[in-house]
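**Student:** Can you read through this structure? Questions will come right after.
The values are calculated or read from the model by the stated rules, or taken from the named source; none is laboratory data. Since the model is a prediction, treat every value here as computed from it, not as a measurement. Don't worry about glycine lacking a Cβ; one is built from the backbone with ideal geometry, like all the others, and counts go over all protein chains shown.
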C-alpha cells in the first residue's frame, strides 16, 4: 500500500515564475538543482523537494509521485501492476537522481493520469518555511493531497483501490456543475498514514490535468496570513474560507499560476486506526463557507 504522496511534478512555461510564487505566497523554499533544464525543486520540509517544476510548452500537471515506504513494497506494487496487466515503465538511474530517489516506475491510470511510485529518498536536510510558518503538516503524511480528473470513474477507482491498495474515505455526490451535465462525484481515498485522504478523483476532465493540490498549515492564523498574501498577489480565490464536512479541513481555494487549483488549509481530520474507520457517503461538501466564485469563460 502507498505510504504517502511524496512529490508532484508540473510543467510550466516559466518554472522560475512558479517557484517565485511558491516562495512569496506559500512559504516554500528552493531545493538543490538536479538537472540543467531549468527545473525548479521546491521544498516544504526536510525532504529534498516536494514540488518539481519543469520547463514545458504548456502549463500542465504531470504526475503524482507516491512513496511506497520500502523497496519490498515497491517491488510488490510493480508485481501487482503486472498481474493487472498495467504497462510499467522502469525509470532510468539518471531520472531517479533527478527525483532524489533510489528507484521509481511509471504507469498510467484509466483516466490518463500519470502515476509514479518510488522507494528511498536522498538524505534529508534541515528546512524552515518562510513567512514565519512553523511547519507544514507533512512528514509521514506526505506533502498533502491531490484531487485529479477521473472521467473514467469506475475503472479509475478500481485501479487505485484494487491494484494500488488505497482505502476509501468518502464518496461525495454534489449537484451538476451546470444544467444538462451529470451530478458531480468526488471519490476520496487514503494511503497508509493518518491523513483523511491523499487522493481524490473528480468525475469531470480538466485541461490542466489537475483539480487541486492541498498544503496544510500548522495553525489557523497561518492560513489567514497566506490568504492575505494570495489577495496581495492578485490571485483569484475561487472558494472562500470554509470547513469541509468529510475531512473537516478549514481552508480556502485559489488559482495558482498556470491555472492550477490550490487549497491551503488547517485542522484536517486524521485517522489513527483505519481498521476501525467506516467510509462515508456525503451529499454536502461543507459545514459552512466555501462560497464558490469561478471565472466565467470568455464569450
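**Student:** Which of the numbered conditions does residue 125 fail, given that it passes all the others? Conditions: (1) surrounded by fewer than 18 Cβ atoms within 10 Å (Cβ to Cβ); (2) in a strand (DSSP E or B).
**Tutor:** (2)
**Student:** Of these, 209, 268, which one is on the phi > 0 side of the Ramachandran plot, modelled with pLDDT of 95 or more, in the same structural domain as residue 163 (by TED's automatic domain parsing) and surrounded by 14 or more Cβ atoms within 10 Å (Cβ to Cβ)?
**Tutor:** None of the other options fit; the residue is 209.
**Student:** Collect the residues in segment 128-158 that are closer than 20 Å to residue 186 by Cα and surrounded by fewer than 19 Cβ atoms within 10 Å (Cβ to Cβ), keeping them in residue-number order.
**Tutor:** Those that are closer than 20 Å to residue 186 by Cα and surrounded by fewer than 19 Cβ atoms within 10 Å (Cβ to Cβ): 151, 152, 153, 154, 155, 158.
**Student:** Can you tell which of 277, 294 is more than 19 Å from the chain's Cα centre (by Cα) and outside the structural domain of residue 210 (by TED's automatic domain parsing)?
**Tutor:** 294
**Student:** Can I ask one more? Tell me yes or no: at least one residue of segment 77-85 is outside any helix (DSSP H, G or I), surrounded by fewer than 23 Cβ atoms within 10 Å (Cβ to Cβ) and outside the structural domain of residue 265 (by TED's automatic domain parsing).
**Tutor:** yes
Here is a yes/no grid of residues against (1) surrounded by 24 or more Cβ atoms within 10 Å (Cβ to Cβ); (2) part of a loop (DSSP other than H, G, I, E, B):
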site: 20; (1), (2): no, no
site: 34; (1), (2): no, yes
site: 38; (1), (2): no, yes
site: 45; (1), (2): no, yes
site: 49; (1), (2): yes, yes
site: 58; (1), (2): no, yes
site: 62; (1), (2): no, no
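**Student:** On to the next question. Looking at this structure, is residue 49 modelled with pLDDT of 95 or more and over 23 Å from residue 11 (Cβ atoms)?
**Tutor:** no
**Student:** Among the residues that make up segment 117-129, is at least one of them under 30 Å from residue 295 (Cβ atoms) and either touching a residue at least 40 places away in the same chain (Cβ under 8 Å) or in contact with a strand residue (DSSP E or B) (Cβ under 7 Å, 6 or more places away or on another chain) (or both)?
**Tutor:** Within segment 117-129, one or more residues are under 30 Å from residue 295 (Cβ atoms) and either touching a residue at least 40 places away in the same chain (Cβ under 8 Å) or in contact with a strand residue (DSSP E or B) (Cβ under 7 Å, 6 or more places away or on another chain) (or both).
**Student:** Within segment 220-253, restricting attention to residues that are assigned to a loop (DSSP other than H, G, I, E, B) and in contact with a strand residue (DSSP E or B) (Cβ under 6 Å, 6 or more places away or on another chain), which residue is nearest to residue 136 (Cα to Cα)?
**Tutor:** 249
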